[in-house]
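To start, the structure under review is shown below, and the notes come after it.
Where a number appears in this text, it was derived from the coordinates with a stated rule and is not lab data. The model shown is predicted, which means the values in this text are computed figures rather than measured ones. Note: ideal-geometry Cβ built from the backbone for every residue, glycine included; neighbour counts use all protein chains shown.
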Amino acid sequence: MAAGKRETPKEPRLLTGGNPQIAKGEGDEPVQAYIAAMPGWKSEAGRQLDALIERTVPDVRKAVKWNSPLYGVEGQGWFLGVHCFTRYIKLAFFRGRQLDPLPPVASKDENTRYVHLNEGEEIDEAQLASWIAQAAKLPGWTP
């Protein structure tokens with residue numbers, strides 16, 4: 001670096017649909033980088049979701065893999081993945097088929113169920129917390 005020039009941190013690139021490209025990593029730091037890079041309204045929704053997960057599962061394990069934050073329990077695998085799309089945020093409950101009531105959106109994978117968070121819609125925190133608590137007690141997805 002030349003004298004007197006300051007290197008500016010590089011903004012994360014947004015992939016198709018506005019999903020932030022964040023280097024994979026374990027822990028809270030890469031998840032917070034992903035949330036900060038979520039475009040528009042999605043960043044605030046991501047902060048609310050992350051806080052809800054931490055309140056519901058205090059010992060939650062976090063990572064970013066495949067450009068998506070993952071939430072899990074140590075020794076049990078991942079129970080939830082988050083991914084940005086153009087019009088919504090997709091929450092993937094990897095063992096969603098075992099949750100009661102079933103999360104609303106089906107998947108090609110018979111075990112996975114989705115919830116879509118849309119701009120302007122109120123997040124049903126009580127229902128999400130219930131699904132998160134249930135999912136955290138199940139054996140999670142281990143890639």
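Using only the Cα atoms of region 31-83, construct the convex hull and provide its projected area averaged over every direction, in square nanometres to one decimal.
Across all orientations, region 31-83 yields a mean hull projection of 3.4 nm².
Compared with the direct C-alpha span, the chain from ALA129 to SER43 gains 29.1 nm at full extension, assuming 0.36 nm per residue. Applying 1/(1 + (r/R0)^6) with r as the Cβ-Cβ distance of PHE85 and LEU52 and R0 = 22 angstrom yields a FRET efficiency of 0.65.
For LYS90, LYS62, which order do you get if you count the other beta carbons within 10 Å of each Cβ and list the fewest first?
Working: LYS90 18, LYS62 21.
Result, fewest neighbours first: LYS90, LYS62.
From least to most packed, judged by other beta carbons within 10 angstrom and beginning with the fewest, THR16, THR56 follow the order THR16, THR56.
How large is the convex hull of the Cα atoms of the chain per residue, expressed in Å³ as a whole number?
Details: hull volume 18.5 nm³, N = 143.
Hull volume over Cα atoms, normalised by residue count, gives 129 Å³.
Between VAL73, ALA37, LEU91, the Cα set farthest toward the positive side of the dipole of the chain (charges on each charged residue's Cβ, about the Cα centre) is that of ALA37. The ranking of PHE94, PHE85 by Cβ neighbour count inside 10 Å, starting from the fewest, reads PHE85, PHE94.
Extending 7 Å from Cα along the Cβ direction at ASP28 and again at ASP109 yields two label points whose distance is 2.7 nm.
With springs connecting C-alpha atoms under 10 Å apart, model the chain as a Gaussian network and identify which of VAL82, VAL105, VAL60 has the largest mean-square fluctuation. Ranking VAL82, VAL105, VAL60 by mean-square fluctuation puts VAL105 first.
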